[in-house]
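Visitor: Submitted below is the structure of interest, expressed as structure tokens.
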Amino acid sequence: MKTLKARLINFQSVFLVSLLLFSLFTRFYKLDTIPPHLTPDEASLGYNAFSILNSLRDEHGKLLPIVFESFGDWKPGLYVYLSVIPVYLFGLNEFSTRFASALFGSISPIILFFIVKNLSRRRTVGALPYLASLFLSVTPWHIHFSRGAWEAQVSLSITLMGVLLFLYSLKKEKLLVLSALMFSLTLLTYQGAKLSTPLVVFTLLLVFRRKFVKIKMGYILTSVALGLIVSFPIILSVFTGQAGRLSVFSVFNFPRPDEYTQNFISQTSTQKGSLFYNLYYSENYHFLRGVLGRFFNHFSYRFLFSEGDFQNPRHSSPYTGQLLIGFAPFIVMGMFSMARNFRVNKAHQFFFFWAIFSVLPSILSRDQVHSVRAIALVIPLVYVTSIGVMVLLDFLKNFKFLGLALTFGIVVVSFGLYADRYLVQLSNLNSKYWQWGYKQAVLEISNLKSGGEAPKVVFEQSYAQPYIYFFFYNKTKPAEAWRDLSNGFVRSKSGDVGLVKSIEGVSFEYIDWQVARGRSGEVFVGSPMAIPVSDTLDANQFQVISEIPFLDNKEISLRIVKIK
């Protein structure tokens, strides 16, 4: 017995070390170049970490803020502080900006292993935790958001730590305090955690309520107090106008136009306020139908296996779902298996309710699907997939090698297909969704200025926030950034993101080319739509300094043209 136990422990150790190395490789390989370009949010996180490192202040000059103002939006600041050390070690660049997300994403499968192992009803550990952790490490949804500076992914990793510590606290009560700390830290990481984290905690309390009530009240009160203290700045931000963008994106801020409602009424001859109207045409019915539609979209074949985040191409790889296509049959088998044992299996109950609640931050927003806000759904789906594989292995119990070989083959082929989509086609096909060209334009303008010329530069204004790329790639001194933003930043009155009008030597304008083409001596940077190719062919009037194509070489991202 001791020999068998020692072998199991040794196998587990080898597996976890191998899994960690594999996760590190899949998440750090070419991290600086894939995805092909930083998003504005990534550049903001990286630059603010650089600013904190060099001045202890953010880009607006605020001393060690907990919540960072980003384009007029507000971001909980833990990701920025996590990035300070990578920026110090590797400099301000794509790799250091994405480092924290990749690192947390690499350890998440390890955490999930112990969560599933802890929830296992078997005295001896079966294959379930091995399968769940392995599948998470190869899931496109998780890999994709581990390879960019996505606060949601870091928040999910910290949530998993909180879940694991909560499960351990049912046996060792003092660990409940650490669990509360982890959950409260998620609020300091990601805006959406204000909704997703309480739902996870509620799920844990609901499923494990009988064991939880046995914990000493002192530990419970200490945990609640610590959680409130740590998350207090975030709770306060809700009442100080630093969460305005959450309301901007809320589905409830998009009611039907009055004429749309009147059209329904005129066609049916119903009266507004009547029972018939309230049942079939009211605004409440409209919102309910929209929310249910968004809910089922997140569990659709199109979203999970075919196209991925079809409304936000930046959030997934081309022609790829959020999960490996090979997971599909296992999920179906896993769902039926869980349904049969649901009432007696706490793990099934926990992951089922987590799956239902995990999509709420997304379905209550205006987007039909949103893989960032629903990222926690990946954990229950990976668990269901693992259950499905266990069903297959049990069915082929007399041919276990065949079952394992079949599973391994399906996963390897599916992962190979995804790797091609991500490593090759993502950059070539989707570079236009990643602000490709902004870095190149910033460097081109910097070279232009360093070459002795100092023309006025006009950059096409956009909610892609071009100014942040100047700060990031020029490594602008914090004091200069404070000065520029104090004079040039215009906040949105609606609570959405604002815009910067100018920084030193560069103004940001919506380009009216018929007017702009007469501004002699100025350099314009913009898309071909803003600066038409057909109207800049005369070399006597225009100098085409550069044209930056997207990576597929089919379209031009930005043109840099000087008016003579």
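The values are calculated or read from the model by the stated rules, or taken from the named source; none is laboratory data. Here the structure is a predicted model, which means the values were calculated and not measured. Using ideal geometry, Cβ is built from the backbone for each residue, glycine included, and neighbour counts are taken over all protein chains shown.
Visitor: Is it true that Ile111 is assigned to a loop (DSSP other than H, G, I, E, B), in contact (Cβ under 8 Å) with a residue 12 or more places away in the chain and on the phi < 0 side of the Ramachandran plot?
Guide: no
Visitor: Let me ask something additional. Checking Arg373 against (1) in contact with a Pro (Cβ under 8 Å, 6 or more places away or on another chain); (2) assigned to a helix (DSSP H, G or I): exactly one of these is not met. Which one?
Guide: (2)
Visitor: Ok, one more. Could you figure out which of (1) farther than 21 Å from Leu423 by Cβ; (2) surrounded by 22 or more Cβ atoms within 10 Å (Cβ to Cβ); (3) out of contact with any helix residue (DSSP H, G or I) (no Cβ under 7 Å at 6 or more places or on another chain) isn't true of Phe68?
Guide: (3)
Visitor: Confirm whether Ala454 is part of a helix (DSSP H, G or I), of a type in the set (Gly, Ala, Ser) and at pLDDT below 95.
Guide: no
Visitor: Considering each of Ile531, Ile548, Ile511 in turn, give the residue that is closer than 23 Å to Leu429 by Cα and either small (Gly, Ala, Ser) or within 40 Å of the chain's Cα centre (by Cα) (or both).
Guide: Ile548
Visitor: Inspect segment 289-304 for any residue being in contact with a His (Cβ under 9 Å, 6 or more places away or on another chain) and at pLDDT 95 or above and give the result as yes or no.
Guide: Yes, segment 289-304 contains at least one residue that is in contact with a His (Cβ under 9 Å, 6 or more places away or on another chain) and at pLDDT 95 or above.
Visitor: Looking at segment 73-102, which of its residues are of a type in the set (A, V, I, L, M, F, W, C) and over 23 Å from Ser231 (Cβ atoms)?
Guide: Ile85, Val87, Leu89, Phe90, Leu92, Phe95, Phe99, Ala102
Visitor: Restricting attention to segment 33-48, which residues are among the hydroxyl-bearing types (Ser, Thr, Tyr) and either within 15 Å of Tyr433 (Cβ to Cβ) or crowded, with 24+ Cβ neighbours inside 10 Å (or both)?
Guide: Residues satisfying the conditions are Thr39, Ser44, Tyr47.
Visitor: Right, another one. Quick one: would you say Thr139 is at pLDDT 95 or above, under 15 Å from the mean Cα position of the chain (by Cα) and surrounded by fewer than 24 Cβ atoms within 10 Å (Cβ to Cβ)?
Guide: yes
Visitor: Go through segment 446-467 and count every residue that is under 31 Å from the mean Cα position of the chain (by Cα) and either hydrophobic (A, V, I, L, M, F, W, C) or surrounded by 14 or more Cβ atoms within 10 Å (Cβ to Cβ) (or both).
Guide: 8
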